[in-house]
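I have placed the structure first, in the form of C-alpha cells, so that the comments after it can refer back to it.
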Amino acid sequence: MIYRYSHVIGFLSVTGRGFNNPIDLAIGDDGTLYVLNRAGSDVAERMVSKRITICTVEEDYLSEFANGGTAQGQMMWPCALAMSSDGNLFVTDEALHRISIYDTDGGFIDSWGIHGKGDGEFNRPSGIAFDPEGNLLVADGLNHRIQRYTADGRYLGGWGRKGVEPGEFNIPWGISVDIAGNVLVADWRNDRIQKFDSDGNPLATFGSTGSLEGRLSRPSGITVDEDFNLYIADWGNHRVQILNPEGRFIAAFRGNAGMSKWSDDYFLANPDELEERQKADLEPILDSSTIYDSRDESASIEKYFWGPTAVRLDNHGRMYVVDSCRHRIQVYQREEPVR
C-alpha cells in the first residue's frame, strides 16, 4: 500500500477562506469537504471562527456556516462530525454536551442531548459515526463509554466504563464503523484502538503506549478502509499510522505539506510577508546532540503534522489528514503497486 503526498488545503484564517484549528471533516458524495473548526478557547474573539467551512479537494472555497455560542445552531467546543445517508451533518459539542444537526447548505435542523451520566446523557461527547442501520454511535468521553442513538436522538443502548480491560475506556475519542458493522474506537488515554462487534462485544485491541512502529500515544481518530486496514491519527506522536486488520504495522506518515493555493494567493497580495517567510528556516536541522520528541520536531519543521486529529478516506483513493495545530488539511493519493 503506497500513498504519495498530493497537496495541502488551507491556512490560518479567522473567517472565510482558511481554517482555525480544524478538528474533523466529512466528505460529501459529490466530493465536497465540510471542515469543522474548533478555533481554540471560548473567548469572545474566537466565536466567529467556530464554524464549518465548505470547500473542495481542488481548494475551491465555497462558503461557511455556524458560529460560536450556546444558542441553537451555535457551537462552543465542536469535536467531530459525521454525514448521514440523507446528507445531513451531525456535530458533537463537548462543552454543550449535545449533538447539532445541519443540512449541507448550513441550515440548522435540530439538536439533542443533555449533560449527565445516565442512559442517554453526555459528558463531553466526541467521536461520532453512523452504523449500517443509520443509527448514530457516539464516544461519550468523560463517561468512558459508547452510546447508540437513532438519528433523532432516541437512546438505543451502549457499553463501556472507565478502565483498562477489554471493553473499558479512558476518554474514548475517535470512532468508526467498518463495512461489516464492527465498531473501532480510539481509546485516547489508554493509547490503543479497540474493536467491537455491532452489539459492543470486544473483538480485538491494537496498539500499546509508545512511539515505535505500531505503538500509539493518545490516538484521536480512526478510519477503516474496505480491506479492514486501520488508519489512525496518532495525535501524541504527531503522525498517521496504517495497521493491517490484525494490527500489524504497514506504514506511517509525518507530513509533507508546502503552501496551499490559498496561501499562494495571500502572499501574492502581501509580498512583504512573503519576503519574511522566505527568510525563515522552515525545515531547520535540529541539534544532533539534543534528543527531540515528535512534538518538538513538529513544532519546528513546518511540513510535519502538528496535532493531527482525524484521518478520512474518499472514494478516489485519497487520504485526508486534519492537521489541527497548523490549520490545514494534508491530502495523500493512494497508488497501486506495479505488478
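Using only the Cα atoms of the chain, build the gyration tensor, take square roots of its eigenvalues as a ≥ b ≥ c, and label the shape rounded, prolate or oblate: rounded if a/c is under 1.5, else prolate if a/b is larger than b/c, else oblate.
oblate
Note down the nm distance, to one decimal, between modelled labels 7 Å out along Cα→Cβ at Asp199 and at Asn270.
5.7 nm
Kindly give the semi-axes, whole Å and largest first, of the ellipsoid equivalent to the stretch 142-288, taking each as the square root of 5 times a Cα gyration tensor eigenvalue. Walk me through the numbers on the way to the answer.
On the way: eigenvalues 275, 75, 43 Å².
Working from the Cα gyration tensor, I get semi-axes of 37, 19, 15 Å.
Roll a 1.4 angstrom probe over the protein heavy atoms and tell me the percent of accessible area of the stretch 55-184 that is carbon or sulfur.
46 percent
Determine the gain in length on full extension of the stretch Thr209-Asp314; use 0.36 nm per residue of separation and subtract their C-alpha separation, reporting nm with one decimal.
In short, 34.9 nm is gained.
Can you give the accessible area per residue of the stretch 242-339, in Å², using a 1.4 Å probe?
The answer is 57 Å² per residue.
Considering only the chain, what is the antiparallel percent among its DSSP beta bridges, to the nearest 5?
Restricted to the chain, the bridges split so that about 95 percent are antiparallel.
Could you give the nm distance between label points at Lys162 and Glu283, where each point is 7 Å from its Cα heading toward the beta carbon?
4.5 nm
Among the lysines in the chain, how many pairs, 8 or more places apart or on different chains, have alpha carbons under 21 Å apart?
On the way: Lys117/Lys162; Lys162/Lys195; Lys261/Lys279; Lys261/Lys303; Lys279/Lys303.
Eligible lysine pairs with Cα atoms under 21 Å apart amount to 5.
Assuming R0 = 30 Å, what is the FRET efficiency of Asp293 and Asp227, from their Cβ-Cβ distance, to the nearest 0.05? Write out the running numbers ahead of the final one.
Values: r = 32 Å, r/R0 = 1.08.
E(calc), rounded to 0.05, equals 0.40.
If the only charges are +1 at each Lys and Arg Cβ and -1 at each Asp and Glu Cβ, what is the size of the charge dipole of the chain around the Cα centre, to the nearest 20 debye?
800 debye
Could you work out the local net charge near Thr15, counting Lys and Arg as +1, Asp and Glu as -1, over the other residues with Cβ closer than 13 Å to its Cβ?
Net of charged neighbours comes to +2.
Give me the net charge for the shell around Ile52: Cβ to Cβ below 13 angstrom, other residues only, Lys and Arg +1, Asp and Glu -1.
-2
To the nearest 20 Debye, how big is the dipole of the stretch 57-113 about its Cα centre, given +1 on the beta carbon of each Lys and Arg and -1 on that of each Asp and Glu?
Roughly 360 debye for the stretch 57-113.
The values are calculated or read from the model by the stated rules, or taken from the named source; none is laboratory data. Predicted, not measured: the structure shown is a model, and the values here were computed from it. For neighbour counting, all protein chains shown are included, and Cβ atoms are generated from backbone atoms with ideal geometry for every residue, glycine included. Just the protein is used for accessible areas: all its heavy atoms, side chains included, with ligands, DNA and RNA removed. Shrake-Rupley method; radii C 1.70, N 1.55, O 1.52, S 1.80 Å.
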